[in-house]
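Chemist: Provided herewith is a single structure, encoded as structure tokens, for subsequent inquiry.
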């Protein structure tokens, strides 16, 4: 059995986790990074679109290029990687249970940075359980990570920025996108350029519309769409559900942190202060787990959490940390206000609520 | 269908392996997950639901929904979206709960 | 939405079943779970959580910030008993399952 003792345990090796790993490892701390997948980079590795709002030290690049950059940055440090490992839970004495799928072993850490990211929300309609009905993130993973074309004719349910990106990417690999179905009265994507591109390649967007049902024997074959009074059927062997994303909370729930609700950040979010520290004092968080935002913000929150852990463990002086943190928050403001002002406001409200959380001690349910 | 030439990432599928679904051979590539490789071969139905016996297959690709459960190399309820293919892998659909009572299980 | 729509994929609980227990007084995910088995399958409510919150909101008008999160128990994701029952003599992972039960003289208090 391989018991581990470390200064900093980072859960999740996506943009936030990797950025936090750099901040902490580069200042001489003993860092352990755990991720369920077998590769570093998290969901960045299948993002082939250009990322628009990155921190000023990063030039515009595609998602998988950002992953490569963040990985290269930490190459020279002696970081312990537990890839293909999962956290199964937490014990009362502060030990963390980790499994390599063969065994369960304990990890003890001085500080923890939880960067578990966000999960996609489901949208239900009759027969959405049929094979061939996937989340939109799943469809993107298949084409850009596994190099598999999941169908010939697709319908997308939901119209976020991400839906526009994936609609274009599906088209590029030869999937015919028959339509984008949006229940609201307007397209949700704020990226007018992307929406224009989608229109240009002839993908219809049906607003004020919903799915009546999916049909098929053994897998989805067609989908019935209702737009106002018109009901029509499209042949589709792939249906992609874009229901938005919410922070992944299981780990925080078990750790017993408080939660607050911010719709713009994805709903329930672990409560944290300006130092990205939860009300369990050794637990910090970063990335989408701290509120769903843009990739640039994920990197910056990772740096902030890393910097605060360095300060807490005495790896940087208080003075240096104060200067660095001020700079990082300023940069976060720039990136996030440019991306979506509502998210920046929600994040500030959330931090302000730290001392009076909505959900506290709910273990007693 | 496997994407041999990706418009952005180029030619990435290098090392083919053979996997078996219901004893039929199919081509997969080393870095793919089991669920993805089966989908490339147009196999989408990976099992049935427990109560209503409805078809189930890949949904989230993140190891969360458990919709892609299948039996892999004799092990039941494997999340095939989190498991990479290996040459000669034998996969069967998850159509019923595994037999846990009986002599072989010491009951 | 059609009432027959499945909300919990694992246990195959329909919107109709969920709405029925809400009209009988269920107000949280855990209420609904105890009455219907919704969220008790292998995914442990990871997928239906947001759909159930929407059903509660729709049926009762309770705002989302007043609908608490479902209970998330250990282990966080499915694990083989074989793996959980590790052979280690210095570290017993199985005790984790009992962590939430308080014992007194070896008995549940």
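Chemist: What is the number of the single condition among (1) surrounded by fewer than 18 Cβ atoms within 10 Å (Cβ to Cβ); (2) more than 12 Å from chain A (Cβ to nearest Cβ) that residue B:42 does not meet?
Modeler: The number of the failed condition is (2).
Chemist: Moving to a separate point now. Could you say which residue among A:327, A:287 is crowded, with 23+ Cβ neighbours inside 10 Å and modelled with pLDDT of 95 or more? Give the steps one after another, and end with the answer.
Modeler: Values: A:327 fails: crowded, with 23+ Cβ neighbours inside 10 Å.
Checking each option against the conditions leaves just A:287.
Chemist: Which of the residues that make up segment C:31-72 are within 8 Å of chain A (Cβ to nearest Cβ) and within 30 Å of residue A:101 (Cα to Cα)?
Modeler: Result: C:46, C:47, C:48, C:50, C:69, C:71, C:72.
Chemist: Ok, one more. Considering each of A:23, A:65 in turn, give the residue that is closer than 19 Å to residue A:296 by Cβ, surrounded by 24 or more Cβ atoms within 10 Å (Cβ to Cβ) and out of contact with any strand residue (DSSP E or B) (no Cβ under 6 Å at 6 or more places or on another chain).
Modeler: On the way: A:65 fails: surrounded by 24 or more Cβ atoms within 10 Å (Cβ to Cβ).
Going through A:23, A:65 in turn, just one is closer than 19 Å to residue A:296 by Cβ, surrounded by 24 or more Cβ atoms within 10 Å (Cβ to Cβ) and out of contact with any strand residue (DSSP E or B) (no Cβ under 6 Å at 6 or more places or on another chain): A:23.
Chemist: Name every residue in segment A:175-190 that is more than 14 Å from chain B (Cβ to nearest Cβ) and either in contact (Cβ under 8 Å) with a residue 24 or more places away in the chain or under 18 Å from residue B:13 (Cβ atoms) (or both), in order of residue number. Even if it seems obvious, please write down each step before you answer.
Modeler: If we filter segment A:175-190 for residues that are more than 14 Å from chain B (Cβ to nearest Cβ), which is where we start, we get A:177-190.
Hits for segment A:175-190 are A:177, A:178, A:179, A:180, A:181, A:182, A:183, A:184, A:187, A:188, A:189, A:190.
Chemist: I need the full set of residues from segment C:9-23 which are more than 9 Å from chain B (Cβ to nearest Cβ) and in contact with a helix residue (DSSP H, G or I) (Cβ under 8 Å, 6 or more places away or on another chain), in order please. Quick ask: steps written out before the conclusion?
Modeler: Applying the first criterion (more than 9 Å from chain B (Cβ to nearest Cβ)) to segment C:9-23 yields C:13-23.
Passing the criteria: C:13, C:15, C:17, C:18, C:19, C:21, C:22, C:23.
Chemist: Checking residue B:54 against (1) more than 7 Å from chain A (Cβ to nearest Cβ); (2) in contact with a strand residue (DSSP E or B) (Cβ under 8 Å, 6 or more places away or on another chain), only one condition comes out false. Which one?
Modeler: (1)
Chemist: Do we find that residue A:213 is within 14 Å of chain B (Cβ to nearest Cβ) and part of a strand (DSSP E or B) in this structure? Show your work before the answer.
Modeler: Numbers: within 14 Å of chain B (Cβ to nearest Cβ): yes; part of a strand (DSSP E or B): yes.
Yes; evaluated as a whole, the condition is true for this residue.
Chemist: Let me ask you something else. Give the residues of segment A:119-135 that are part of a loop (DSSP other than H, G, I, E, B), facing chain B (nearest Cβ under 9 Å) and within 26 Å of residue A:38 (Cα to Cα), sorted by residue number.
Modeler: A:122, A:131, A:132, listed by residue number.
Chemist: Residue A:90: within 14 Å of another protein chain (Cβ to nearest Cβ), in contact with a helix residue (DSSP H, G or I) (Cβ under 7 Å, 6 or more places away or on another chain) and more than 17 Å from residue A:299 (Cα to Cα), yes or no?
Modeler: Details: within 14 Å of another protein chain (Cβ to nearest Cβ): yes; in contact with a helix residue (DSSP H, G or I) (Cβ under 7 Å, 6 or more places away or on another chain): yes; more than 17 Å from residue A:299 (Cα to Cα): yes.
Considered against the rule, which asks whether it is within 14 Å of another protein chain (Cβ to nearest Cβ), in contact with a helix residue (DSSP H, G or I) (Cβ under 7 Å, 6 or more places away or on another chain) and more than 17 Å from residue A:299 (Cα to Cα), residue A:90 comes out as yes.
Chemist: The conditions are (1) out of contact with any strand residue (DSSP E or B) (no Cβ under 7 Å at 6 or more places or on another chain); (2) in contact (Cβ under 8 Å) with a residue 40 or more places away in the chain; (3) within 12 Å of chain A (Cβ to nearest Cβ), and residue B:96 fails exactly one of them. Which is it?
Modeler: Against the list (1) out of contact with any strand residue (DSSP E or B) (no Cβ under 7 Å at 6 or more places or on another chain); (2) in contact (Cβ under 8 Å) with a residue 40 or more places away in the chain; (3) within 12 Å of chain A (Cβ to nearest Cβ), residue B:96 comes up short only on (3).
Chemist: Can you pull out every residue in segment B:16-39 that is assigned to a strand (DSSP E or B), crowded, with 24+ Cβ neighbours inside 10 Å and at the interface with another protein chain (Cβ under 9 Å from one of its Cβ atoms)? Before the answer, list the steps.
Modeler: First, the residues of segment B:16-39 that are assigned to a strand (DSSP E or B): B:16-21, B:24-29, B:33.
Applying the additional criterion that residues be crowded, with 24+ Cβ neighbours inside 10 Å yields B:28, B:33.
Within segment B:16-39, just B:33 meets the criteria.
Chemist: Separate question: Would you mind stating whether residue C:75 is under 25 Å from residue B:77 (Cα atoms), touching a strand residue (DSSP E or B) at 6+ places or on another chain (Cβ under 9 Å) and either modelled with pLDDT under 95 or surrounded by 14 or more Cβ atoms within 10 Å (Cβ to Cβ) (or both)? I'd like the intermediate steps shown before the answer.
Modeler: Values: under 25 Å from residue B:77 (Cα atoms): yes; touching a strand residue (DSSP E or B) at 6+ places or on another chain (Cβ under 9 Å): yes; either modelled with pLDDT under 95 or surrounded by 14 or more Cβ atoms within 10 Å (Cβ to Cβ) (or both): yes.
So residue C:75 passes the test.
Chemist: Taking the stated definitions as given, is residue A:46 out of contact with any strand residue (DSSP E or B) (no Cβ under 9 Å at 6 or more places or on another chain), within 13 Å of chain B (Cβ to nearest Cβ), at pLDDT 95 or above and closer than 22 Å to residue A:244 by Cα? Step through it out loud before you land on a result.
Modeler: Details: out of contact with any strand residue (DSSP E or B) (no Cβ under 9 Å at 6 or more places or on another chain): yes; within 13 Å of chain B (Cβ to nearest Cβ): yes; at pLDDT 95 or above: yes; closer than 22 Å to residue A:244 by Cα: yes.
When the stated conditions are applied, residue A:46 passes them.
Chemist: Can you pull out the residues in segment A:209-251 that are within 30 Å of residue A:113 (Cβ to Cβ) and modelled with pLDDT under 95?
Modeler: Filtering segment A:209-251 down to residues within 30 Å of residue A:113 (Cβ to Cβ) leaves A:242-251.
Residues satisfying the conditions are A:250, A:251.
Chemist: Sort out which residues of segment A:256-312 are in contact (Cβ under 8 Å) with a residue 60 or more places away in the chain, outside any helix (DSSP H, G or I) and more than 19 Å from the chain's Cα centre (by Cα), and write them in order of number.
Modeler: Of everything in segment A:256-312, those that are in contact (Cβ under 8 Å) with a residue 60 or more places away in the chain, outside any helix (DSSP H, G or I) and more than 19 Å from the chain's Cα centre (by Cα) turn out to be A:256, A:258, A:273, A:274, A:279, A:282.
Chemist: So in segment C:31-63, with the set limited to residues that are without any contact (Cβ under 8 Å) to a residue 12 or more places away in the chain, assigned to a helix (DSSP H, G or I) and within 11 Å of the chain's Cα centre (by Cα), which one is surrounded by the most Cβ atoms within 10 Å (Cβ to Cβ)? Full working, then the answer.
Modeler: Here is the first cut: in segment C:31-63, the ones without any contact (Cβ under 8 Å) to a residue 12 or more places away in the chain are C:31, C:34, C:46, C:50, C:54, C:57-58, C:61, C:63.
Keeping just the survivors that are assigned to a helix (DSSP H, G or I) gives C:31, C:34, C:50, C:54, C:57-58.
Keeping just the survivors that are within 11 Å of the chain's Cα centre (by Cα) gives C:31, C:34.
Numbers: C:31: 17, C:34: 14.
Per the criteria, the residue is C:31.
Chemist: Would you confirm whether or not segment A:349-356 contains a residue that is buried (at least 21 other Cβ atoms within 10 Å of the Cβ), away from chain C (no Cβ under 14 Å) and either over 27 Å from residue A:191 (Cα atoms) or touching a residue at least 12 places away in the same chain (Cβ under 8 Å) (or both)? Even if it seems obvious, please write down each step before you answer.
Modeler: Of the residues in segment A:349-356, the ones buried (at least 21 other Cβ atoms within 10 Å of the Cβ) are A:350.
Cutting the leftovers down to away from chain C (no Cβ under 14 Å) gives us none.
Within segment A:349-356, not a single residue is buried (at least 21 other Cβ atoms within 10 Å of the Cβ), away from chain C (no Cβ under 14 Å) and either over 27 Å from residue A:191 (Cα atoms) or touching a residue at least 12 places away in the same chain (Cβ under 8 Å) (or both).
Chemist: Kindly indicate whether residue A:167 is out of contact with any helix residue (DSSP H, G or I) (no Cβ under 7 Å at 6 or more places or on another chain) and at pLDDT 95 or above. Walk me through it before giving the result.
Modeler: Numbers: out of contact with any helix residue (DSSP H, G or I) (no Cβ under 7 Å at 6 or more places or on another chain): no; at pLDDT 95 or above: yes.
No; evaluated as a whole, the condition is false for this residue.
Chemist: Ok, one more. Looking at A:40, A:54, A:18 in this structure, which one is under 30 Å from residue A:168 (Cα atoms), away from chain B (no Cβ under 14 Å) and without any contact (Cβ under 8 Å) to a residue 60 or more places away in the chain?
Modeler: Numbers: A:54 fails: without any contact (Cβ under 8 Å) to a residue 60 or more places away in the chain; A:18 fails: without any contact (Cβ under 8 Å) to a residue 60 or more places away in the chain.
The match here is A:40.
Chemist: Another question about this same structure. Yes or no: residue A:84 within 19 Å of residue C:86 (Cα to Cα) and within 13 Å of chain B (Cβ to nearest Cβ)?
Modeler: On the way: within 19 Å of residue C:86 (Cα to Cα): yes; within 13 Å of chain B (Cβ to nearest Cβ): yes.
Answer is yes for this residue.
Chemist: Here's a follow-up. So, in segment A:216-238, how many residues would count as being free of Cβ contacts under 8 Å to residues at least 12 places away in the same chain, within 28 Å of residue B:44 (Cα to Cα) and assigned to a loop (DSSP other than H, G, I, E, B)?
Modeler: Number satisfying all stated conditions: 1.
Chemist: Related question: Out of A:92, A:73, A:47, I need the residue that is in the same structural domain as residue A:305 (by TED's automatic domain parsing), under 25 Å from residue B:62 (Cα atoms) and either in contact (Cβ under 8 Å) with a residue 60 or more places away in the chain or surrounded by fewer than 22 Cβ atoms within 10 Å (Cβ to Cβ) (or both). Which one?
Modeler: Working: A:92 fails: under 25 Å from residue B:62 (Cα atoms); A:73 fails: under 25 Å from residue B:62 (Cα atoms).
Checking each option against the conditions leaves just A:47.
Chemist: Restricting to segment C:16-30, name every residue that is surrounded by fewer than 23 Cβ atoms within 10 Å (Cβ to Cβ) and in contact with a strand residue (DSSP E or B) (Cβ under 9 Å, 6 or more places away or on another chain).
Modeler: C:17
Chemist: Further question on the same structure: Give segment A:136-174 a look and list any residue that's in contact with a strand residue (DSSP E or B) (Cβ under 6 Å, 6 or more places away or on another chain), under 16 Å from residue A:196 (Cβ atoms) and within 12 Å of another protein chain (Cβ to nearest Cβ), or say none.
Modeler: Of everything in segment A:136-174, just one residue is in contact with a strand residue (DSSP E or B) (Cβ under 6 Å, 6 or more places away or on another chain), under 16 Å from residue A:196 (Cβ atoms) and within 12 Å of another protein chain (Cβ to nearest Cβ), namely A:171.
The values are calculated or read from the model by the stated rules, or taken from the named source; none is laboratory data. Computed from a predicted model, the values in this text were never measured in an experiment. No Cβ is skipped: glycine too gets one built from the backbone with ideal geometry, and neighbour counts run over all protein chains shown.
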